[in-house]
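Engineer: Here it is: the structure, laid out below.
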C-alpha cells in the first residue's frame, strides 16, 4: 500500500496528483468522517442559537442540543474503534461492547439494529481487528438501505473461527457497483471516493485477518455481508 500513486486522468480536466496511496486513503477517510459528523454537530449549533434567542427558556431547543450532542459523542465513539487505533495493536473488545457502539451510531436514524446477544458468548474478548470488521459490516449494511430498514447481525463459531453475517433488510436494499468495486483486491485507490472508501478499508481489514468480505444478494430487499475470521476465543484478557 506504500507505493507511489501515479497521476490518473479522471476526466473533465481533473488529474489526481502523484501522492502516496496511504495519503489519499487517509484524506478520503477524513472527508467521510467529517461528512458523517457535520449533521449532528450543526444541529447542536442550531439548538444553541435557538436557546440564545429564547434566553434559555426553549425546552425544544434544549432537547435538540442534548440529543444532537449525544449523537456526536456516539458517532465519535464508533469511529474511534472502527477506524482508529484505540486499544493498540493487541487490544480486545467484546461483541457486547461492539453492539453498544453500533446502536449509538444508528440511533435516531431510519435504520434499526437487530443484534441479539445470543448464540455465542457476547462477553468473550475479541481482537480489535475482528471487531472493526464487524462494525464496518454494520456501517456498509446501513449504507445499503436507501429507504431505511433493518440491519441484522448474526454470528456462528466454527472451532476457533468466528463467522459474522450482517444483512441489510429493507425496500430496495443493495450496494452500488462502485462500492462492490471498492472491495475488490485489484481496485486502485485512485478509483475510491468518500462514498466507497470505508468499503476499501473493510476489505483491507479482512485481508489482514486472512479472510475476504463476501457480499450476497439474498433477494430484492435483502443483501448480506459475511466474513469468517479468527475468533481467538482463547485470548486471556478482559473485554474492554
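Engineer: Would a scan of the range 73-88 turn up a residue that is surrounded by fewer than 18 Cβ atoms within 10 Å (Cβ to Cβ), at pLDDT below 75, closer than 27 Å to residue 137 by Cβ and touching a helix residue (DSSP H, G or I) at 6+ places or on another chain (Cβ under 6 Å)?
Structural biologist: yes
Engineer: On the given criteria, is residue 51 modelled with pLDDT of 70 or more and touching a helix residue (DSSP H, G or I) at 6+ places or on another chain (Cβ under 7 Å)?
Structural biologist: For residue 51, the condition - modelled with pLDDT of 70 or more and touching a helix residue (DSSP H, G or I) at 6+ places or on another chain (Cβ under 7 Å) - is not met.
Engineer: Then there is this: For the range 99-138, enumerate the residues that are part of a helix (DSSP H, G or I) and closer than 20 Å to residue 37 by Cβ.
Structural biologist: Answer for the range 99-138, where residues must be part of a helix (DSSP H, G or I) and closer than 20 Å to residue 37 by Cβ: 100, 101, 102, 103, 104, 105, 106, 132, 135, 136, 138.
The values are calculated or read from the model by the stated rules, or taken from the named source; none is laboratory data. This structure is a prediction, so every number in the text was calculated from the model and none was measured. Backbone-built Cβ (ideal geometry, glycine too); neighbour counts: all protein chains shown.
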